[in-house]
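Here the structure is laid out as structure tokens; the discussion comes afterwards.
The values are calculated or read from the model by the stated rules, or taken from the named source; none is laboratory data. Since the model is a prediction, treat every value here as computed from it, not as a measurement. For neighbour counting, all protein chains shown are included, and Cβ atoms are generated from backbone atoms with ideal geometry for every residue, glycine included. Please note that ligands, DNA and RNA were not included when accessible areas were found on the heavy atoms of the full protein model with its side chains. Shrake-Rupley method; radii C 1.70, N 1.55, O 1.52, S 1.80 Å.
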Amino acid sequence: MSRDQNRPSFASRRSLLAGALAATTLAACGRSEAPVDEEGRVRLRFATDWYARAGHGGFYQALAGGAYARRGLNVQIVQGRPDVDVPELLASGAVELGMGSDSFIPLNLVAEGAPVKAVAAFFQKDHRTLITHPDAALESMADLQGRPFLLTEAAAATFWVWLKARYGFSDDQLRPYDFDPAPFITDPRAVQQGYLGTDTYTIEQAAGFTPRTFLLADEDYPSYAAMVLAPNAFARDNAAALRSFIAASAEGWRDYIHGDARAADALIRRDNPQMPQAELDHTRQALKDNGIVDGGDAALYGLGTMTEDRWRAFFETMSEAGVYPTTLNWREAFTTQYLPGRG
């Protein structure tokens, strides 16, 4: 397996904003009804944010289990790659819907005036983590003061800003990270960015020890993840199909986490043959154990839910840290009108 094949991508801010500007053209193209296949099903292409993995499992489950087809949809999952930017795919019309990795993406699009919104969030907790060597002296993230952090440039521009504001970390702790765990493994004081389950599995296999994992969401990091992004014009002109896609995806995520995931995993491994089944099993269990999909507000309002309070909390946190101007209309980043029971 290549060292970065199964690692999610944080698209650079420059790339995101370039895609956002192009997306503005999409709104001016008139109506944008989705095509229909020969059986009368609405065709939808959904772009994921990286190579197929457990973090996409619910969408693959909805495809494998027929949840999309039962609702009159012909869904194609377009697997992400390192060189593909989901907002750019939406902007060009190459896909109808896309996956948003974190709450920065919709807000960045708002900042550039791009007509795209988050319409559902299937991870109530961001599954991003900080990983350390097993060390009894580490009781909380605050104990990471002074340690070297292995982060990508994109991570340094996003959740690192929150970490600095919350814990007083400084930029002189930063070290470059290129998805190779070797520098982390050889430095017992190092802190590496990661994703729940996936990176723990990789390090366990490579180093022979179980690392310590700090889930950012457990420290009140307010980002959503695994969001569905839709251009405003597409959502307006295909409201019924969009609601059906979200409802079917919710069914898929429920079954992937709590049911038989073998059919979904088979599709994931078809698209991404380098993905080990053991890693899928490990990550799915971690998602379940930590309530990533059905915890928080999802337990009250259903899978995929989003709330204005949560979006406000994320925006206020990041604007106070200087990421966004306080005047940004953050409510334009999302809508709940297509969630089951909301429309």
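Key figures
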item	result
Candidates Ala264, Ala235, Ala240, Ala225, filtered to the one that is more than 27 Å from Thr129 (Cα to Cα) and crowded, with 22+ Cβ neighbours inside 10 Å	Ala235
Residue within segment 152-161 that is buried (at least 22 other Cβ atoms within 10 Å of the Cβ) and touching a residue at least 40 places away in the same chain (Cβ under 8 Å) present	yes
Test: residue in segment 131-154 that is in a strand (DSSP E or B), closer than 30 Å to Arg270 by Cβ and of a type outside the set (Lys, Arg)	yes
Qualifying residue in segment 289-305 (condition: more than 17 Å from Ala120 (Cβ to Cβ) and without any contact (Cβ under 8 Å) to a residue 40 or more places away in the chain)	yes
Residues satisfying the stated conditions in segment 44-75, i.e. open to solvent by 40 Å² or more (accessible area, probe 1.4 Å), over 21 Å from Ala225 (Cα atoms) and in contact (Cβ under 8 Å) with a residue 40 or more places away in the chain	Ala64, Gly65, Arg70, Arg71
Some residue of segment 54-77 being assigned to a helix (DSSP H, G or I) and either in contact with a Lys or Arg (Cβ under 6 Å, 6 or more places away or on another chain) or over 25 Å from Leu280 (Cβ atoms) (or both)	yes
Qualifying position, being closer than 30 Å to Ser244 by Cα and open to solvent by 30 Å² or more (accessible area, probe 1.4 Å), among Gly113, Gly168, Gly100	Gly113
Single unsatisfied condition, Asn238 versus (1) farther than 21 Å from His56 by Cβ; (2) touching a His at 6+ places or on another chain (Cβ under 7 Å)	(2)
Matching residues in segment 189-212 - criterion: being open to solvent by 50 Å² or more (accessible area, probe 1.4 Å) and hydroxyl-bearing (Ser, Thr, Tyr)	Thr210
Test result for Pro148, at pLDDT 95 or above and open to solvent by 50 Å² or more (accessible area, probe 1.4 Å)	no
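Every residue, every condition in (1) open to solvent by 40 Å² or more (accessible area, probe 1.4 Å); (2) part of a loop (DSSP other than H, G, I, E, B), yes or no:
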position	(1), (2)
Gly295	no, yes
Leu300	yes, no
Val323	no, yes
Gly341	yes, yes
